[in-house]
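Structure record follows, encoded as structure tokens.
The values are calculated or read from the model by the stated rules, or taken from the named source; none is laboratory data. Worth saying up front: this structure is predicted, and the values here are computed from it rather than measured. Just so you know, the surface numbers come from the protein's heavy atoms only, side chains and all, with ligands and any DNA or RNA stripped out. Shrake-Rupley method; radii C 1.70, N 1.55, O 1.52, S 1.80 Å.
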Amino acid sequence: MTLKLMIPAVMRILYLCLGWLMVATGVVGAFLPVLPTTPFLLIALWCFSKSSPKLEAWLLNHPRFGLSLRNWQEKGAIPRKAKIAAVSLMTVSYGIFWFTTEPTPLRAGIVAAVMLGAAAFVVTRPDP
């Protein structure tokens with residue numbers, strides 16, 4: 001086998017392994033409230049799109065997560081309940097950060113800016 005043919009095969013295997021790692025992490029996140037599920041499944045979906053159309057279709061047609069993944073893939077849409085949950089948890093997380101670490105004003109400002117940017121991104125996505 002030539003090197004030119006081996007590189008795509010190696011990349012396909014890497015994407016496949018990374019996809020399964022993201023699925024596993026997403027499954028763990030389904031049971032742990034501090035670990036999000038959907039972002040890991042979105043990464044898995046991207047990896048499977050590069051390595052296995054069959055596994056990509058499996059995720060897109062999954063009875064629990066398929067609709068959310070399809071909405072994101074097709075429209076960049078996030079359901080309103082998910083937006084509310086995300087922004088609420090960001091707010092609570094910032095409160096915990098503020099009261100438990102006693103951050104310097106610079107650190108508090110940087111963390112607030114990052115969280116506000118993420119919240120703005122989530123809120124401005126269309127509803128499905």
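General observations
- Helical content of the chain, expressed as a calculated mean residue ellipticity at 222 nm, amounts to -27000 deg cm²/dmol (DSSP H runs of 4 or more residues, -39,500 (n - 2.57) each, divided by residue number, nearest 500).
- Protein accessible area in segment 49-122, 1.4 Å probe - carbon and sulfur %: 68 percent
- Computed 3J(HN,Hα) for segment 14-30, one whole-Hz value per residue from the Karplus formula 6.51 cos²θ - 1.76 cosθ + 1.60 where θ = phi - 60°, is 4, 4, 4, 5, 5, x, 5, 4, 5, 4, 4, 5, x, 5, 4, x, 5, glycine and proline marked x.
- Under 22 Å between alpha carbons - lysine pairs in the chain that sit 8 or more apart or on different chains: 4
- Listed candidates (i) 18.2, 59; (ii) 15.8, 47; (iii) 14.5, 46 - label of the one calculated as Rg and Dmax of the Cα atoms in Å: (i)
- Dividing the mean sequence gap of close Cα pairs (under 8 Å, 6+ apart) by how many residues segment 17-128 holds gives a relative contact order of 21 percent.
- ALA77 long-range amide H proximity, modeled H, under 5 Å: TRP72
- With Cα atoms, 0 to 90° folded angle of helix 66-75 axis to the chain main axis: 80 degrees
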